[in-house]
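Scroll down for the structure; my scribbles are underneath it.
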Amino acid sequence: MAEKRDYYDVLGVSKDASPDEIKKAFRKLAMKYHPDRNPGDKSAEEKFKEINEAYEVLKDSDKRRRYDQFGQAGVGGDADGNPFGGFNGQNIHFDFGGDGFGDMGDLFSQFFGGGTGARRTRERRGRDIELSLTIDFKEAIFGTEKPISYSVDIQCDRCHGDGAEPGHSQKTCPTCHGTGQVVETVSSLFGPIQQAVTCQTCGGDGKVADVKCTKCGGRGVLHTRQTLDLKIPAGVDEGSAIRLNGRGDAIRDGQTGDLFVDIHVRPDKKFTRDGDLILSEEHVGMADAALGCNLDIDTVDGPLTIRIPAGTQSGTDFKLSGHGAPRRGSRTRGPQIVTIKVDTPTRLNREQRRLLQQLRNA
């Protein structure tokens with residue numbers, strides 16, 4: 001894998017650039033290299049991803065601080081900047097902001113025609129089903145398997161989905177004459193208007209059963225409840241979606257829909273996550289920070305002892321390689337960043353106060 005360019009160089013700003021300077025540089029480059037403005041240009045698309053990745057890090061003060069201290073390892077390997085990415089390609093994210101420049105997402109949509117989705121014709125297919133599933137923080141890190149149960153229309157096993165009683169066939173719908181649609185006249189402020197609607201007799205198929213299936217009543221599908229064991233891969237994050245093809249609602253003479261499971265991760269009392277980074281805080285006393293000490297800390301893999309050097313300041317970060325979240329498309333894991341918080345005593349007895357006074361005088 002090629003080494004990534006410095007994020008400041010990507011945006012063309014200095015390392016001491018202000019947040020406004022970073023935002024302005026990003027917007028200028030994003031307008032220039034947006035894929036809709038450069039259709040079919042792979043180099044522009046890669047440049048656009050690189051620009052978005054750099055901005056996602058440098059706009060965030062905490063991520064920027066860690067990047068300045070640790071480089072790429074401080075911001076997580078999952079910060080790939082792809083605004084069309086997300087787990088299994090389900091999440092779409094793009095940040096242009098709104099202040100001082102208008103809503104650039106709307107601007108692109110209007111200028112470039114809003115993409116190809118609105119122009120794509122769709123074949124008859126069953127309804128997609130969406131479920132939500134909440135898992136624990138460590139289950140998201142290491143992966144797990146969870147049973148899920150949901151209501152769904154499945155293909156009728158008697159008529160095999162065509163709605164006709166075995167031994168009988170389908171015929172052209174007498175209402176729509178095979179078109180699947182009928183024209184209705186409705187009243188409006190401008191007078192009567194005609195519109196095409198789905199035929200209620202055949203449900204849009206254009207055909208009806210000569211003799212309806214006795215099990216499904218001619219629908220071609222049966223409503224039931226299904227339970228399955230969902231395998232959740234290691235490294236799944238909050239807001240990810242797992243797609244199971246063909247697990248949605250079936251439809252007569254059409255394609256079965258899909259099942260989407262939206263993943264939510266319960267917050268952990270000890271750890272937070274940023275891409276493939278796991279973040280935590282540990283507290284030490286003033287004397288331990290000044291003199292140095294061995295500190296027992298928690299990781300998702302279990303307890304660990306690290307060395308706190310003498311003179312450690314509050315807010316100092318320590319990187320534990322290989323103790324973070326799994327990296328997408330890799331068997332490796334990111335680091336854990338441990339931030340040290342130095343506790344200043346607030347209640348001192350007479351002897352403690354005397355000793356601290358001596359230390360200050362020395």
Worksheet item: If you work out Rg/Rh (Cα atoms, Kirkwood Rh) from the coordinates, which of [x] 1.14; [y] 1.00; [z] 1.08 do you get?
Response: [x]
Item to complete: Can you tell me the FRET efficiency between Ser18 and Arg127 if r is taken as the Cβ-Cβ distance and R0 is 51 Å, rounded to the nearest 0.05?
Response: 0.55
Worksheet entry | Cα centroid separation, the range 221-249 to the range 302-352 (Å) | 37
Worksheet entry | Rounded FRET efficiency, nearest 0.05, which uses the C-beta distance separating Arg354 from Thr224 and R0 of 51 Å | 0.05
Worksheet item: Given Cα pairs under 8 Å that are at least 6 residues apart, what percent is the relative contact order of the chain?
Response: 16
Fill in: Accessible area in square angstrom per residue, the range 1-63, 1.4 angstrom probe
59
Worksheet entry | Qualifying lysines (Cα of each under 28 Å from Cα of Lys47; at least 8 residues distant if same chain) | Lys4, Lys15, Lys23, Lys24, Lys28, Lys32, Lys59, Lys63
Discussion item. If you count only protein heavy atoms and use a 1.4 Å probe, how large is the accessible surface of Leu355, to the nearest 10 Å²?
Written reply: 90
Discussion item. Suppose all protein chains stay in the model; what accessible area per residue would a 1.4 Å probe give for the range 212-256, in Å²?
Written reply: 54
Response to the item:
The answer for Ile308, listing residues at least 5 apart or on another chain whose modeled amide H is closer than 5 Å to its amide H, is Cys293, Asn294, Leu295
Fill in: Potential extension, Glu238-Arg328 segment - 0.36 nm per residue separation minus Cα distance
31.0 nm
Fill in: With every protein chain in place, the range 271-354: carbon and sulfur % of accessible area (1.4 Å)
49
Worksheet item: What's the FRET efficiency of Ser149 with Thr272 using the Cβ-Cβ distance as r and R₀ = 22 Å, to the nearest 0.05?
Response: 0.10
Worksheet item: Solvent-accessible area per residue for the range 272-319 at a 1.4 Å probe radius, Å²?
Response: 49
Discussion item. With a 10 Å cut-off between alpha carbons and a GNM built on the chain, which of Gln194, Gln336, Gln170 moves the most?
Written reply: Gln194
Discussion item. Could you order the peptides 268-278, 229-239 from most to least packed, using the average number of other C-beta atoms within 10 Å per residue?
Written reply: 268-278, 229-239
Worksheet item: At q = 0.13, 0.21, 0.23 Å⁻¹, what log₁₀ I(q)/I(0) does a Debye calculation on the Cα points of the range 119-226 give, no solvent, two decimals?
Response: -0.71, -1.13, -1.21
Item to complete: Starting from the residue with the highest accessible area, list Glu45, Glu281, Glu3 in decreasing order, probe 1.4 Å.
Response: Glu3, Glu281, Glu45
Item to complete: Would you kindly enumerate the cysteines in the chain that have no other Cys beta-carbon under 4.7 Å from their beta-carbon?
Response: Cys293
Worksheet item: From the Cα gyration tensor of the range 283-362, with a ≥ b ≥ c the square roots of its eigenvalues, which class applies: rounded if a/c is under 1.5, or else prolate if a/b is larger than b/c, or else oblate?
Response: prolate
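The values are calculated or read from the model by the stated rules, or taken from the named source; none is laboratory data. These numbers were taken from a predicted model, which means no experiment stands behind them. Note: ideal-geometry Cβ built from the backbone for every residue, glycine included; neighbour counts use all protein chains shown. When the accessible area is computed, the model is the full protein with side chains, heavy atoms only, and any ligands, DNA or RNA have been set aside. Shrake-Rupley method; radii C 1.70, N 1.55, O 1.52, S 1.80 Å.
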